[in-house]
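Notes follow once the structure below has been shown.
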Amino acid sequence: MDTIFALATARGKAGVAVVRLSGPRAFDAARVIAGDLPEARRAAVRVLRDGAGAEIDQALVLSFQAPHSFTGEDVVEFQVHGSAAVTSALVDALAGQPDLRLAEPGEFTRRALENERLDLAQVEGLADLIEAETEAQRRQAYRVLSGDLGRLADGWRTGLIRAAALIEATIDFADEEVPVDVSPEVIEICDRVQLELAREIDGSAIAERVRDGFEVAIVGSPNAGKSTLLNALAGREAAITSDVAGTTRDVLEVRMDLRGIPVTILDTAGLRDSDDKVEKIGVSRALQRAGAAELRIFLLDFPDEDLPVERLPGDIVALGKADLQRADGFAVSGKTGAGVDELIERVCSALEARVATVGTATKERHRLAMQRALAALGEAAALVGRGPDSYDIAAEELRNAVRALDSLVGRVDVEQILDEIFASFCLGK
């Protein structure tokens, strides 16, 4: 395997930049530049030199001997002063050595996968951790990176292998009298794993929302104060506001961090019948996005106002323009800020209740694999219940379930998605 190198930190000025080197020639190549290397997993300051012997920089040098490194290979890291000139000189010095090449995006992490330092779910967790913008996203990504999903899959897999072994032992001794009926234990294992899979599948939808962000739609009649409220929530003039009804024609989006939860607030067109073709398109989009949102804020002109959007449990109802009218009950004003803090509190409480049910699986790929396993287990349990004549087919369904779980962590059937996953990584990761 080639020895690869890359800048592992962001380009531009910084106090420190890290250049990473990994592969069979990592130590030899590092000695050419830094001289003697520190002991494995120890750090030492060294003067780095280019191929002509000119000094590049003083650097903190760390070495990691295979397999005790991120990639599972020999790895050397150079922590240099973070200027573009220093990092360019160091990268050029490495590029000038034989049998070294610049790493491709995600190649360090891909080698960690190939050397079994990470499973595929952990790789995805690492990608999500790098992209995390809020505390909820960080916590969720770190759980996956720490191997929680892999441990769940291994536990399910162990149980199903046990169930398959019991069934296959019965098949192998079909011509002999088997004193123990294995079907109760097999069905118990299937039922337990099905229950856990179903719970994880239910939680995966919320996990995806934590990763991508919850959508909260503000809906109401024209000139109800939706855009003014959006601006108050955003703390800036994100939407045009005026006294003219129907100013908002399209869906406006503002990304926010509410108590560590990623939220996109949607300002939608005012809901009314109109002969204006453009406004009709805006109303149609408003209805579509409001229906798909995880939470809706109904901003009403009067308490009994009926809007053409279904209210779902957890949705928030408030009277708008509290600065212009006295109202019994909850009311808000984006203009004066009245009720805005309480609105944020209600939105956070509603979303936090949903985040509490979050699963470990975070991606559609995970959910589909678990759904395949769940379907196979349902078939297997039904076949076992029919008696020994169906055991051979039941055993195959159990193997199908195991293969589906193996795809979660990258043991099988994942080559076609590897390129897509690693394409999202930066060059030095």
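Points to keep in mind about this one:
- Condition check for Ala290: under 30 Å from Ala132 (Cβ atoms), at pLDDT below 90 and either more than 30 Å from the chain's Cα centre (by Cα) or not polar (S, T, N, Q) (or both): yes
- Top-ranked residue in region 312-364 [being of a type in the set (Lys, Arg) and modelled with pLDDT under 90; ranked as farthest from Val210 (Cα to Cα)]: Arg326
- For Leu408, the requirement of being assigned to a helix (DSSP H, G or I), at pLDDT below 90 and surrounded by 17 or more Cβ atoms within 10 Å (Cβ to Cβ) is met.
- Test for Ala59: is it within 38 Å of the chain's Cα centre (by Cα) and in the same structural domain as Leu102 (by TED's automatic domain parsing): yes
- Looking only at region 382-392, and only at residues there that are in a helix (DSSP H, G or I) and loosely packed, with under 14 Cβ neighbours inside 10 Å, the one that is farthest from the chain's Cα centre (by Cα): Asp389
- Residue within region 342-357 that is more than 21 Å from Met256 (Cβ to Cβ) and within 30 Å of the chain's Cα centre (by Cα) present: yes
- Qualifying residue in region 146-163 (condition: more than 19 Å from Val402 (Cβ to Cβ), touching a residue at least 60 places away in the same chain (Cβ under 8 Å), in the same structural domain as Ala404 (by TED's automatic domain parsing) and assigned to a helix (DSSP H, G or I)): yes
The values are calculated or read from the model by the stated rules, or taken from the named source; none is laboratory data. Please read all numbers here as calculations on a predicted model, not as lab measurements. Every residue, glycine among them, receives a Cβ derived from its backbone with ideal geometry; neighbour counts consider all protein chains shown.
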